[in-house]
Structure formats: structure tokens, C-alpha cells
Amino acid sequence: MDSKDKGLKPSRRSFLTGAVAAGAGAVAATVAKAEGVADPAITEVQPWRDALGAGVDARPYGIPSKYEVEAVRRDVPWLTADPISSVNFTPLHELDGIITPNGLCFERHHGGIAEVDPAGYRLMINGLVEKEIVFTLEDLKRFPRENHIYFLECAANSGMEWAGAQLNGVQFTHGMIHNVMYTGVPLRLLLEEAGVKTEGTWLLAEGADAAGMTRSIPMEKALDDCLIAFKMNGEALRPEQGYPVRLVVPGWEGNMWVKWIRRLEVGDAPWEHREETSKYTDLLADGVARRHTFEMDAKSVITNPSPQSPIKHGPGWTVITGVAWSGRGTIPRVDVTIDGGKNWHEARMSGPSLPKSMHRFYFEFEWDGSPLLLQSRAHDSTGYVQPTKQALREIRGENSIYHNNGIQTWYVNEQGIAENVEIS
Ligand code: MTE
Ligand code: CO
């Protein structure tokens, strides 16, 4: 701690209590203010107290504080030829808890953002059904609706990291994910309304965007937990997330979550023979493709510290935090190591533990100022444990882009600066 820390000097005693408690999973650290510090930030009148503030009519729709300039989506221009068929990334290092604010949800479009007029919105169900139906948005809202919190992860998340550490920031390595509360109608209810014929085993979900994105969904999944969603985190979907209606396919790869959904065609086989509907495949070392890798495996990452979020306070009491998720259930446990895997500590989970949703974990410890090799390792409710990147490569080689759920390593130097590295 140096004088710049303006009195944020925790007592030695609280460190010890906290450090011991950290191992037990319950932390009660206090950061006491040092005595006798004359800090102008508290002793002087600040500008915001000196004048009246803006009134209730100033912001009909609220926006973040002007100081929160880092909490923005970012893209990597060299990754794609143009921003229309491209991706940007959620600033995970700026967030806490489990919910992704609507304005910070990463975006992945194949043909840009469709600006759909809700009055002209229609959803059609056709194909192997008793009755072909076209719903308006108002029709959809007359069905019983449900609320669920789910993560959406692009199958290509962390894809650039297969061959080795590449992008220097958790936003770029892991930011193709968001976690949102959806309000929508169970897809099962709409399919029941149309009456699926017994041969109907697959659904073709088609988007209304210029890309005409289409994906094949097995009927079993459609009848299980898919939603036709029109609200995210309580308000209307954002245009970039599929306004006014998107398909929610819990736990499964993001490309199946068709945005601006306009049609669901019931068929008796996946539509893979049609080139435009070909789904993502994972290329193995021998050139063989893995297919039907729909479920997202358990994964976790430390969001702070990370390359975009260094430790700023110097040695002393330090909070490590991150997120974990699994397409197969909940995350009962996350382990954290600060020495590259020599010793693992059980992290403290905080917040709702819901299936197919993000979970938040913390690990508090007293940093002695020496370099750290930080990693986290998720365990999901099926007993699956997040693998190392090397273990994944041994099975799938180095040609893959999709489904990289390997353990991420951050190297933190004596100054608290973090860097994306790999250790063997
Ligand atoms: N739906 C349509 N209609 N068009 C698209 O380009 N992209 C897919 C999927 N649904 C896409 C789409 C992909 S690859 C992903 S990862 C998710 O939407 C991204 O959802 P988001 O933009 O809400 O993050
Ligand atoms: Co995707």
C-alpha cells in the first residue's frame, strides 16, 4: 500500500481473519480507513455538491455515468472483413454478478442488424403440422409466458485461443457470451397449437435478417426448454439481439438462437443438405469434422484481474472474481489457483445458481506482490470438470475454432499487470 491509496489501508488483523476464512469458503474481510488521513476527496466540497443536479426530465431512458467509459462492447477489426458479418465482445471485466446489461451483450450478425417493425412482425409455423399458423407479436403475448435466465455463448468463443494465447483481454478471449433473463412463450406451446405430425422430428428455424439465417433444431430440444422470447432483462429485446422476437435454445451453441425469427418449419430430418443451413462443425486434427456439438461444455474464466483489469492497489488484500457456466446444468463449484495449478482453492460462489446460466465466483487472498499465475476450473452438476487447453488439444488437435472450453491462464506481474499466457 502506498500513500496514493488514500487511507484504504486494511488492518493486518482483518487480513488474517479473511485469509483463514477464504479457505473455509466464508470471507469477512474489512477494509478499515487509516486514522489521521486528510483526504481532500472527503474534506473538500466537491463540484457535484456545489450545484444542483439535472432533473427527472433529463434522461427519459437512463444511460451509465459518463465516467464508465470502459464498459463498452469492442470489436477486433482485423478478425473479419467488414462489421456487417462480424462480432463484438461483452466487456466481462467491467461486470459483476451474473446478468449482462442489455447494452453490453455481445453481438454476432451474419447480415447486419435487421430493424423489424413490430406491427409487421409475423412468425409462421409450417411443414409437418396439422395446421399451419401465422402469429403476430400480439398473438404470441397471449400465450402463458415464462421467465428464465440463460447464457448464450457463441460456439466460436475463445476460438482464437486454440493454438496458443493470442488476444490480450478477457473481453476478447471470452466475451462472446451474455447472460440475460428472457421472457417468452415455451416453444412447445406454439408447436402444440400447430399440432406436430409424428414424423416431425426436426425444426428449421429461419431468421428475417438479410442473412436469412437458418438452423436445424431437434424436435426433442424444441419441446423441452426452448423459448420464443420477446423480452430481455425486463424490456423489449434490443434490435441487435433479435427485436422483436428471438429463439432461445438454453445451454446450446449461440448460432442456433435464431434472431428476428420469422419461420419454424417442421421436417423429418435436419436441413444439412442445404448449404445455407449447414451448421457449425469442429475440424479435428485428422480432418474429420465433429458434428452435432450442440451443448456448451462447462467453462469458467477469471474476469478480474485480467489484462484489461490490472491489480491497481499493490500488495495486500485482493479480490479475484470470475464467471462460470455449463450447458448441462449448474456450477456447484469453481477452483482457483494463484500459482499455476500447484495449489487449488475452492472459490466462493455468490448469487443465483441456475441451470444453463452464468455463475459468479470470488476468491479473496492476501497478495504478497510476487508474480501470479491465475486459473479457474469449473465443475458442473453432472460431475464434468473443465479441462486444460492441452487436454483438449490432445483430443481435438489444433485446427478447431469451436467449443474451446479450456482453462485460461493470466500471468500477473509485480506491478499487477496481467497478460494472457499459457503454461504447460
Ligand atoms: N440469427 C440471425 N437471424 N442472424 C445471425 O446472424 N447469429 C447467430 C445467432 N442467431 C445470427 C442469429 C450467432 S452465430 C450467434 S453466436 C448468436 O445469434 C449471437 O447472439 P447475439 O447477437 O444476441 O449475441
Ligand atoms: Co455464433
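The values are calculated or read from the model by the stated rules, or taken from the named source; none is laboratory data. Remember, predicted model here, so these are calculated numbers, not experimental data. We place every Cβ from the backbone using ideal geometry, glycine too, and count neighbours over all the protein chains shown. Just the protein is used for accessible areas: all its heavy atoms, side chains included, with ligands, DNA and RNA removed. Shrake-Rupley method; radii C 1.70, N 1.55, O 1.52, S 1.80 Å.
Hey, any hits in the stretch 328-337 for a residue that's within 26 Å of Gly254 (Cβ to Cβ), surrounded by fewer than 18 Cβ atoms within 10 Å (Cβ to Cβ), free of Cβ contacts under 8 Å to residues at least 24 places away in the same chain and within 23 Å of the chain's Cα centre (by Cα)?
No, every residue in the stretch 328-337 fails to be within 26 Å of Gly254 (Cβ to Cβ), surrounded by fewer than 18 Cβ atoms within 10 Å (Cβ to Cβ), free of Cβ contacts under 8 Å to residues at least 24 places away in the same chain and within 23 Å of the chain's Cα centre (by Cα).
Going by the conditions given, is Asp380 charged (D, E, K, R), open to solvent by less than 60 Å² (accessible area, probe 1.4 Å) and out of contact with any helix residue (DSSP H, G or I) (no Cβ under 7 Å at 6 or more places or on another chain)?
Values: charged (D, E, K, R): yes; open to solvent by less than 60 Å² (accessible area, probe 1.4 Å): yes; out of contact with any helix residue (DSSP H, G or I) (no Cβ under 7 Å at 6 or more places or on another chain): yes.
For Asp380, the condition - charged (D, E, K, R), open to solvent by less than 60 Å² (accessible area, probe 1.4 Å) and out of contact with any helix residue (DSSP H, G or I) (no Cβ under 7 Å at 6 or more places or on another chain) - is met.
Filter the stretch 233-245 for residues that are outside any helix (DSSP H, G or I) and open to solvent by less than 10 Å² (accessible area, probe 1.4 Å); which is farthest from Asp297 (Cα to Cα)?
Here the answer is Pro244.
State yes or no: is Leu204 within 16 Å of ligand 1 (Cβ to nearest atom) and not in a helix (DSSP H, G or I)?
yes
Take the residues of the stretch 181-197 that are hydrophobic (A, V, I, L, M, F, W, C) and in contact (Cβ under 8 Å) with a residue 60 or more places away in the chain: which is nearest to Gln241 (Cα to Cα)?
This residue is Met181.
When the stretch 159-171 is examined, which residues are found to be surrounded by fewer than 23 Cβ atoms within 10 Å (Cβ to Cβ) and under 19 Å from Met358 (Cβ atoms)?
Gly169
With respect to the numbered conditions (1) touching a Phe, Trp or Tyr at 6+ places or on another chain (Cβ under 8 Å); (2) β-branched (Val, Ile, Thr); (3) assigned to a loop (DSSP other than H, G, I, E, B), which one is the sole condition not fulfilled by Ile113?
(1)
Which pairs have Cβ atoms under 6 Å, sit 6 or more apart or on different chains, and link a residue in the stretch 166-180 that is in contact (Cβ under 8 Å) with a residue 24 or more places away in the chain and assigned to a loop (DSSP other than H, G, I, E, B) to one that is among the aliphatic types (A, V, I, L, M) and more than 14 Å from ligand 1 (Cβ to nearest atom)?
Gln166/Met160; Leu167/Met160
Taking the stretch 22-73 as the search range and keeping residues that are modelled with pLDDT of 95 or more and surrounded by 10 or more Cβ atoms within 10 Å (Cβ to Cβ), which one is farthest from Glu235 (Cα to Cα)?
Glu70
Residue check: is Arg49 over 30 Å from Met349 (Cβ atoms) and either among the hydroxyl-bearing types (Ser, Thr, Tyr) or part of a helix (DSSP H, G or I) (or both)?
Yes, satisfied.
Pro315 is checked against (1) free of Cβ contacts under 8 Å to residues at least 60 places away in the same chain; (2) touching a Phe, Trp or Tyr at 6+ places or on another chain (Cβ under 7 Å) and fails just one. What number does that condition carry?
(1)
Within the stretch 143-178, track down each residue that is over 12 Å from Phe106 (Cβ atoms) and either within 16 Å of ligand 1 (Cβ to nearest atom) or β-branched (Val, Ile, Thr) (or both).
Start the filter on the stretch 143-178 by keeping residues that are over 12 Å from Phe106 (Cβ atoms), which leaves 143-150, 155, 158-170, 173.
Hits for the stretch 143-178 are His148, Ile149, Tyr150, Ala155, Ser158, Gly159, Met160, Val170, Thr173.
Scan the stretch 226-257 for residues that are within 16 Å of ligand 2 (Cβ to nearest atom) and over 30 Å from Gly62 (Cβ atoms) and report the count.
Going through the stretch 226-257 one residue at a time, the tally reaches 6.
Regarding the stretch 85-106, can at least one residue be identified that is more than 21 Å from Ala324 (Cα to Cα), assigned to a loop (DSSP other than H, G, I, E, B) and either of a type in the set (Lys, Arg) or open to solvent by 90 Å² or more (accessible area, probe 1.4 Å) (or both)?
No, because not a single residue in the stretch 85-106 is more than 21 Å from Ala324 (Cα to Cα), assigned to a loop (DSSP other than H, G, I, E, B) and either of a type in the set (Lys, Arg) or open to solvent by 90 Å² or more (accessible area, probe 1.4 Å) (or both).
Of everything in the stretch 312-327 that's assigned to a loop (DSSP other than H, G, I, E, B) and in contact with a strand residue (DSSP E or B) (Cβ under 6 Å, 6 or more places away or on another chain), which residue is surrounded by the fewest Cβ atoms within 10 Å (Cβ to Cβ)?
Pro315
Of the conditions (1) closer than 16 Å to Lys299 by Cα; (2) buried (at least 20 other Cβ atoms within 10 Å of the Cβ), Val412 fails just one. Which one is it?
Of (1) closer than 16 Å to Lys299 by Cα; (2) buried (at least 20 other Cβ atoms within 10 Å of the Cβ), only one is false for Val412: (1).
So, in the stretch 338-377, how many residues would count as being buried (at least 19 other Cβ atoms within 10 Å of the Cβ), touching an Asp or Glu at 6+ places or on another chain (Cβ under 7 Å) and in a loop (DSSP other than H, G, I, E, B)?
1
Count, please, the residues in the stretch 221-263 that happen to be within 8 Å of ligand 1 (Cβ to nearest atom), of a type outside the set (Val, Ile, Thr) and in contact with a Leu (Cβ under 7 Å, 6 or more places away or on another chain).
Within the stretch 221-263, residues that are within 8 Å of ligand 1 (Cβ to nearest atom), of a type outside the set (Val, Ile, Thr) and in contact with a Leu (Cβ under 7 Å, 6 or more places away or on another chain) number 3.
Output the residues belonging to the stretch 145-163 that are within 11 Å of the chain's Cα centre (by Cα) and more than 9 Å from ligand 2 (Cβ to nearest atom).
First pass over the stretch 145-163, keeping only residues within 11 Å of the chain's Cα centre (by Cα): 150-154, 157.
Once the filter is applied, which keeps residues that are within 11 Å of the chain's Cα centre (by Cα) and more than 9 Å from ligand 2 (Cβ to nearest atom), the stretch 145-163 yields Tyr150, Phe151.
Looking only at the stretch 178-211, which residues are over 22 Å from Glu295 (Cα atoms), of a type outside the set (Ser, Thr, Tyr), open to solvent by 30 Å² or more (accessible area, probe 1.4 Å) and more than 16 Å from ligand 2 (Cβ to nearest atom)?
Leu189, Glu192, Glu193, Val196, Lys197, Glu199, Ala208, Ala210
Which condition from (1) more than 17 Å from Gly184 (Cβ to Cβ); (2) in a helix (DSSP H, G or I); (3) touching a residue at least 24 places away in the same chain (Cβ under 8 Å); (4) more than 11 Å from ligand 1 (Cβ to nearest atom) is the one that Ser216 breaks?
Unmet condition: (2).
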